[in-house]
1. Calculate for the chain the 222 nm mean residue ellipticity that helices alone would give, adding -39,500 (n - 2.57) per DSSP H run of length 4 or more and normalising by residue count, nearest 500 deg cm²/dmol.
2. With an 8 Å cut-off on Cα pairs and a minimum separation of 6 or more residues, tell me the relative contact order of segment 89-216 in percent.
3. For Asp163 and Val179, calculate 0.36 nm times their separation in residues minus their Cα-Cα distance, and state this gained length in nm to one decimal.
4. Counting only residues 5 or more places away or on other chains, whose amide H sits under 5 Å from the amide H of Thr198 once H atoms are built in the peptide plane?
5. Could you tell me the distance between the Cα centroids of segment 1-54 and segment 91-135, to the nearest Å?
6. Could you pull out every residue, at least 5 positions away or on a different chain, whose amide H is within less than 5 Å of the one on Ala63? Hs are placed 1.01 Å off N in the peptide plane, and Pro or chain starts have none.
7. Give the span of segment 37-76's Cα atoms along each principal axis, as three whole-Å numbers ordered largest to smallest.
8. Please say if segment 1-101 is rounded, prolate or oblate, where rounded means a/c under 1.5 for a ≥ b ≥ c the square roots of the C-alpha gyration tensor eigenvalues, and otherwise the choice is prolate for a/b larger than b/c and oblate otherwise?
Amino acid sequence: MPEPLIQLHDVTKIYSKGGQELVILNRLSLEIEAGDFVALMGPSGSGKTTLLNLLGGLDMPTAGDVIVCGDNLPTLSKSRLANWRANHVAYIFQSFNLLPVLTALENVELPMTLAPLTAAERRKNALTALRIVGLEDRVHHRPDELSGGQEQRVAIARALASDPVLLLADEPTGELDSVSANEIMNLLGTLNREFGKTIVLVTHDPKVAARAKRQLHLDKGLLALDQRQ
């Protein structure tokens, strides 16, 4: 049996605020298999976004192991961690974070300027990603010429262009109407089923969570419910 893509062992995260310690995650242990589609739910302050940031190497635990794609992230140097993120993970945020002066194609290409790719390779990868999200006819449109759902599709294409193993989505439908939100969830489902992307998604919306294969409910830094659809 292959190792799970994600393994958390006794992960604790504590923040200090005003001289007090806030326990955000409390000895959390969890495994997620490659190819899974997981929704993280729970009240505000339950640790959802903190957990997502730990999985992406944007934050480090106070204690415990965060093993993702075979690497224990707290043991990596800053340079190795940066390389690890570039090679394995991509984020999708609630805010689309597109540059308004750039076209959809240019927004997708931009992060790849840091990768060892030629301009032709960047262009090919960006066009492929935009085709996957159904925007091949909008490549030269700027964000103000796109709907909110289309902007989020560009953001997803930008994440896909580096061919990440793991997609981390923080409230990706939070700024969308119900029709656009449904379209984005259909797209994420396709990326999971047909392209084998492992997806971990934070949401407050039960309808969004119901589209995932597995629901994890956090409460006060603890795993309160682990439910597979």
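1. Working: 7 runs with 74 residues, N = 229.
Computed mean residue ellipticity for the chain: -9500 deg cm²/dmol.
2. Values: 172 pairs, mean separation 40.5, N = 128.
Result for segment 89-216 is 32 percent.
3. 3.1 nm
4. So Thr198 has HN proximity to Gly35, Leu167.
5. Measuring centre to centre over Cα atoms gives 29 Å.
6. Thr12
7. For segment 37-76, the Cα extents along the three principal axes come out at 31, 25, 15 Å.
8. Details: a/c = 1.35, a/b = 1.06, b/c = 1.27.
It comes out rounded by the Cα gyration axes.
Any read-out appearing in this document is the output of simple, stated calculations on the displayed coordinates, not a laboratory observation. Remember, predicted model here, so these are calculated numbers, not experimental data. All Cβ positions, even for glycine, are placed from backbone atoms using ideal geometry, and neighbour counts span all protein chains on display.
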